[in-house]
Every structure is written in structure tokens, then in C-alpha cells.
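Structure first, commentary second.
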Amino acid sequence: FMFVKIACVKIPGKGRGVVAREAFEQGELVERSPVVPIAEEDSERPGITDYAFAWGEELPACQKGTECAIAFGYLSLYNHSTSPNICLERHFDDNEMSVRTLRSIAPGEELTFDYDVPLWFDAIDN
């Protein structure tokens, strides 16, 4: 999957982030990338904790060691917003996650989602 329509750039005050290189329509797929399930205790390790996602903990039959995940693609680079323009979709059977737009997005606009967890940093909303 080529990331032709998105790019990783430096965002002032935030570090790295993902922006649209081209316009997106509402509901459009931005990317679908693999994840590697990991144990919750491993997700709390230094260097990993800021990038781990909740994963299997939401499933009734969650197996120990698959509560969280490390994501590939640009998934770990999207910044937080309380007014997000993208959402995440988890594909448990495929160990993949998708990013889909919530509204139309203009070229140059940052792509953000609501982390939906207590934040460990001071949020900067655009």
C-alpha cells in the first residue's frame, strides 16, 4: 500500500504528524495497516507506551497477551484531537487497523483522531 495521499511531517508544537497531500472525501479509506498484538504489560514499557493501541481487551474472548497492539504504517503517527477528522477501525481477524475519514479533508490538513484515553501530554487542538 503506497501512502500517496498522506505524508508524515513536523507539526509545530506536536512533533510528527500526518497530513493530507490530496483531498479526501467523507468515509474514504486513508490506510489499512498490520498490527502485532502484544501483552498489556509489554505496552507499558518505555519507548512503547506512547505508541501502543488498545486491541483485544475489547473482545469477550480476549486471549492473554493480545490486549494491546503495535501498529505499522502511519498508524502511530496520527495526533490526538477532541475534534477528530478520522477514526480507527480494528480488524481483529486480520490483525489490521484501518483509518477512515469522518468528513471531507483538504490538502495540507492534519489528520487526527480522538485517542479516547486519559492523555499523558498537554493536548494542542487545531
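The aspartates and glutamates within cross-link reach of Lys64, meaning a Cα-to-Cα straight distance under 17 Å and a gap of 8 or more places when in the same chain, are Glu40, Glu41, Asp42, Glu44, Asp93. Placing Val9, Val30 in order of accessible area, with the largest value first and a 1.4 Å probe, yields Val9, Val30. Loop-located GluC sites (Glu not before Pro) in segment 7-69 (DSSP state other than H, G, I, E, B) with a sparse environment of at most 13 neighbouring Cβ atoms within 10 Å: Glu22, Glu25, Glu44.
The listed residues Cys68, Cys87 rank as Cys87, Cys68 when sorted by accessible area, largest first, using a 1.4 Å probe. For segment 1-105, the relative contact order is 33 percent, taking Cα pairs closer than 8 Å that sit 6 or more residues apart in sequence and dividing their mean separation by the residue count.
In a fully extended conformation the segment linking Val9 and Asn95 would gain 28.3 nm over its present Cα-Cα distance, using 0.36 nm per residue.
The values are calculated or read from the model by the stated rules, or taken from the named source; none is laboratory data. All of these numbers come straight from a predicted model, not from anything done at the bench. Don't worry about glycine lacking a Cβ; one is built from the backbone with ideal geometry, like all the others, and counts go over all protein chains shown. Accessible surface areas use protein heavy atoms only, side chains included; no ligands, DNA or RNA. Shrake-Rupley method; radii C 1.70, N 1.55, O 1.52, S 1.80 Å.
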